[in-house]
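J.: If you scroll down you'll find the structure; I have some questions about it.
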Amino acid sequence: TDLIQPDIRVFVWYKRGTHVGHEQMPESWELLSDTIVRGERYLHRTPIPPEFFKDVKVNANERVALYISLTTPNLRYSNVSPSGNKSGSENENLIIMHGKSVLSTSFGLNSNQKKEWNGSIQYMVHEANIGPAPLLLPAGNNDVSLSGLTGGVTTSYAGGNGGRGAMFDVFAKGEMPGFGGIVVTSIDFHTDSTSDDIGVRVYTCQGSFMNHAYDSKAWKLVADTKVTGRGPFKKTGIVESVFDQVYIPAEQVQAFYVSLDRPNLLYSDVPETVVVRKVWSQ
C-alpha cells in the first residue's frame, strides 16, 4: 500500500482452485482475515499480524486463490505485459501466479488485464521426516501436511442403534515408506436429527478408548460447536475451522469420543463374530 497510517482495514479471502470465474461470487470464498493494520508506505511491506490470520493448508500440486481487499483504493500491484509468463514469482515450494485487480468494492468489477500482486506469503513446510508433530494443533492451523496427500475414511451409515455419544479408535497405518502419520482435520457423524442447533463435542486421547472410557481427565476437547443435522443416512459435518487438528503418528492408536447434547447420534451394532474393536456408546 502507499498509505502511511495506523488504521487501514484489510480483508483476505481464499478459495480452493482458481479465482477465474469466481471474481464476483462471494459465496465461493472463505474469509481468512478481517483486521486493522498500520500502513508502512510505498515500496515497504505492510504485514498482517499472524494472530489475525487463519492458516490455510495447501497440498502438493494444489492451487488456491487469494483475494486481498482494502476499504480504500490504495493497494499497490504491477501491470504485466500480455506476453509475460503466468507465474510472477516462485521458489522451490510455491508459485505465485499472475491475477487480476478489483476496481470497485469487494467482489465487484475487475480488470481483464494481468496484474502482479506486490507482497509476500509466509508459510511452513512439513514433511514425513521432520520428526514427531504435536498431538494437538491449534484450531484453524491448517498448514500441516505430512505427505502432501489428503483423504478420508467412511464407515457404514446403516444406523440401527443410537444414543448421545460414541467412542472409537483410529489406527494410523505405517505401511507406506517414509509415512509419518496422519492429521485428522475434522469428523463427520450420523444423526437422525435435522435441527439447526445440535450441540456436538469431540474429545480425543492417545491410545485406545478401552483404557480410558471412564477417565475424563485422559481426554482433550478438540471441538465444541453447534451444527445443522442432515438427517438419516447422510453425513453431518463439523467445519474444520472449529476443530483442533489431531496428529496420529504411524503405527499409533488414537481414541475419539463424539458426544451430542441430545440422544440423536446414530451408530450400528457389530456382530460378536466379527473381530474388531468395539465402539463404546452411551
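The values are calculated or read from the model by the stated rules, or taken from the named source; none is laboratory data. Remember, predicted model here, so these are calculated numbers, not experimental data. The accessibility values were calculated without ligands, DNA or RNA, using every heavy atom of the protein model including side chains. Shrake-Rupley method; radii C 1.70, N 1.55, O 1.52, S 1.80 Å.
J.: Rolling a 1.4 angstrom probe over the protein chains, ignoring ligands and nucleic acids, what is the accessible area of LEU31 in square angstrom, nearest 10?
T.: About 80 Å², rounded to the nearest 10.
J.: Give me the distance between the Cα centres of segment 230-262 and segment 1-37, rounded to whole Å.
T.: Cα centroid of segment 230-262 versus Cα centroid of segment 1-37: 30 Å apart.
J.: What order do LEU260, LEU75 take when sorted by accessible area (1.4 Å probe), most exposed first?
T.: On the way: LEU260 10, LEU75 50 Å².
Largest accessible area first, the residues go LEU75, LEU260.
J.: Another question, then. How much accessible surface does TYR14 have with a 1.4 Å probe, in Å² rounded to 10?
T.: 30
J.: Hey, if you drop one equal point scatterer on each alpha-carbon of segment 1-65 and run the Debye formula without solvent, what base-10 log of I(q)/I(0) do you get at q = 0.15, 0.22 Å⁻¹?
T.: Each listed q maps to, in turn, -0.61, -0.98.
J.: Mind scanning LYS173/LYS235; LYS100/LYS226; LYS115/LYS226; LYS57/LYS115; LYS54/LYS226 and naming the pairs with a C-alpha gap bigger than 30 Å? Let's see the in-between values first.
T.: On the way: LYS173/LYS235 24 Å; LYS100/LYS226 37 Å; LYS115/LYS226 41 Å; LYS57/LYS115 25 Å; LYS54/LYS226 20 Å.
From LYS173/LYS235; LYS100/LYS226; LYS115/LYS226; LYS57/LYS115; LYS54/LYS226, over 30 Å: LYS100/LYS226; LYS115/LYS226.
J.: Still on this structure, please answer the following. Can you run phi through the Karplus equation (6.51, -1.76, 1.60; θ = phi - 60°) for segment 242-255 and list ³J(HN,Hα) in whole Hz, with x for Gly and Pro?
T.: Karplus values, whole Hz, x for Gly and Pro: 10, 10, 6, 4, 10, 8, 10, x, 4, 6, 10, 9, 10, 9.
J.: Just need the relative contact order of segment 1-94 here, percent rounded to a whole number, with Cα pairs under 8 Å and 6+ apart. Before the final figure, lay out each step's value.
T.: Numbers: 126 pairs, mean separation 36.0, N = 94.
Contact order relative to length: 38 percent.
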